[in-house]
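Colleague: The structure's right below; bear with me while I get my questions together.
The values are calculated or read from the model by the stated rules, or taken from the named source; none is laboratory data. Everything numeric in this text was worked out from a predicted model, so none of it was measured. Cβ: placed from backbone, ideal geometry, glycine included. Neighbour counts: every protein chain shown. Accessible surface is based on the protein model in full, side chains and every heavy atom, while ligands, DNA and RNA are left aside. Shrake-Rupley method; radii C 1.70, N 1.55, O 1.52, S 1.80 Å.
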Amino acid sequence: MKYIKLFMFLAVASVFAACSDDDSSWNTAADVTVSMKTTAMKVKENVGIFNVPVVVTGETNGPVKVNVSVKETGDNPAKKDVNYLVTDTTVVISDGEGNIEIKAVDDDEINDPRTFSVTIISAEGAKVGTQATTEITLRDNDSEFYDKLQGTWTMTSLNSSGAAQSWKVTIAGDGEDADDYDGHYLYVTGMMGYDFTTAVLTYHYDKATNAGSVTFDNLGQYKFADDLDFGLGDSHMSVKLLNRNGTSLSYTPISGTWSADFKTITFTPTATLCGGIFTSSDQFSGYIWFSATKMVLTRK
């Protein structure tokens with residue numbers, strides 16, 4: 001069963017004592033160093049608020065004040081106050097680690113990844129370490145359309161008798177750290193009206209032609225649902241997705257294309273997706289749980 005994590009981005013500030021610039025309570029212990037925690041970060045431009053961590057090493061007897069600067073870098077630089085916002089370029093650290101809070105600005109433009117750097121320029125109460133810069137890449141969430149396809153949809157189709165059927169489904173993704181989503185998977189939960197069902201879609205997008213598709217792929221290779229009792233004498237049966245053509249079953253993929261506004265995905269109208277019931281020993285029982293022809297995914 002696939003579980004989708006919900007990430008909440010909170011503005012987190014380090015706990016520190018209130019100190020003015022001329023306060024004498026900064027750390028005075030020797031061998032204390034301040035550095036950026038990581039050399040590079042990648043975040044999506046729709047991430048909202050994110051933190052760039054700064055770390056203090058060594059035994060301290062007071063807080064450390066760190067000043068940073070931001071700078072455009074690379075062939076496609078991210079611009080301050082346009083592509084990202086910085087609340088404060090100063091952080092006071094009393095517990096070993098603090099954060100520079102940055103907010104990425106989302107847009108609807110198709111663009112290459114944008115880059116900028118955060119660099120420690122000075123510190124009070126510590127030496128600046130050799131690792132003083134974090135390179136940040138703001139990844140586009142529009143060009144691949146992978147993100148745009150995720151969310152809640154209504155799936156309509158015709159059953160084996162030709163009657164209309166409809167389910168509320170959720171599409172979620174993987175590959176959060178991917179630079180190119182082509183060939184990656186999307187997961188559809190909620191078909192048949194049950195949240196324990198999970199179908200796999202392969203995502204494809206050709207930047208050269210600006211054309212994309214999603215495909216019910218890897219048919220018969222994974223369990224759409226598991227540990228079910230259909231009253232067939234086996235209480236631990238599973239369901240695998242198959243392509244049905246009359247009385248014939250195959251593993252032939254079924255593809256769908258999305259509309260320009262990403263509100264409709266229409267699958268090959270002559271193709272029929274079905275759920276074949278398999279025994280606990282992974283043998284096809286000869287029974288079909290459902291059929292779905294003329295499948296369309298829509299959302300508001």
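Colleague: Which entries in LYS42/LYS148; LYS37/LYS79; LYS103/LYS223 show an alpha-carbon gap greater than 30 Å?
Modeller: Too far apart for the 30 Å limit: LYS103/LYS223.
Colleague: Less than 12 Å Cβ to Cβ from SER238, Lys/Arg counted +1 and Asp/Glu -1: what total charge do the surrounding residues give?
Modeller: -3
Colleague: Dipole of the chain (Lys/Arg Cβ +1, Asp/Glu Cβ -1, origin at the Cα centre): which of ASN61, PHE290, VAL92 lies farthest to the positive side?
Modeller: Looking along the dipole axis, the top candidate is PHE290.
Colleague: Please identify every one of the GluC sites (Glu not before Pro) in the range 123-163 that sits in a loop by DSSP and has no more than 12 other beta carbons within 10 Å of its own beta carbon.
Modeller: none
Colleague: So, one more: Under 12 Å from a label point 7 Å along Cα→Cβ of LYS103: give me every residue in the range 33-48 with its amide N that close.
Modeller: 48
Colleague: On to the next question. Which whole-number percent gives the relative contact order of the chain, counting Cα pairs below 8 Å spaced six or more residues apart?
Modeller: Rounded, it is 14 percent for the chain.
Colleague: While we're here: How much of the accessible area of the chain, probe 1.4 Å, is carbon plus sulfur, in whole percent?
Modeller: That share works out to 50 percent.
Colleague: Using a simple spin-label model with points 7 Å from Cα along the Cα→Cβ vector, what separation in nm is obtained for LYS148 and THR298?
Modeller: 1.9 nm
Colleague: Would you mind computing, in nm to one decimal, how far apart the modelled labels at ILE49 and SER285 are, each placed 7 Å from Cα along Cα→Cβ?
Modeller: 5.1 nm
Colleague: Be a star and scan the range 193-223 for residues whose amide nitrogen sits under 19 Å from the point 7 Å along the Cα-to-Cβ vector of PHE262.
Modeller: 201-215
Colleague: Let me spell out the model: positive unit charges on the Cβ of Lys and Arg, negative unit charges on the Cβ of Asp and Glu, origin at the Cα centre of the chain. What dipole size does that give, in debye rounded to 20?
Modeller: 1160 debye
Colleague: Want the number for THR33 to SER166: 0.36 nm per residue separation, take away the alpha-carbon distance, what's left?
Modeller: Gain in length upon complete extension: 41.8 nm.
Colleague: Which net charge results for the neighbourhood of LEU219, defined as the other residues with beta-carbon distances under 13 angstrom from its beta-carbon, given Lys and Arg at +1 and Asp and Glu at -1?
Modeller: Net of charged neighbours comes to +2.
Colleague: Students often get this wrong: which residues of the range 107-145 have the backbone nitrogen under 20 Å from the point 7 angstrom along Cα-to-C-beta of ASP182?
Modeller: 110-114, 139-145
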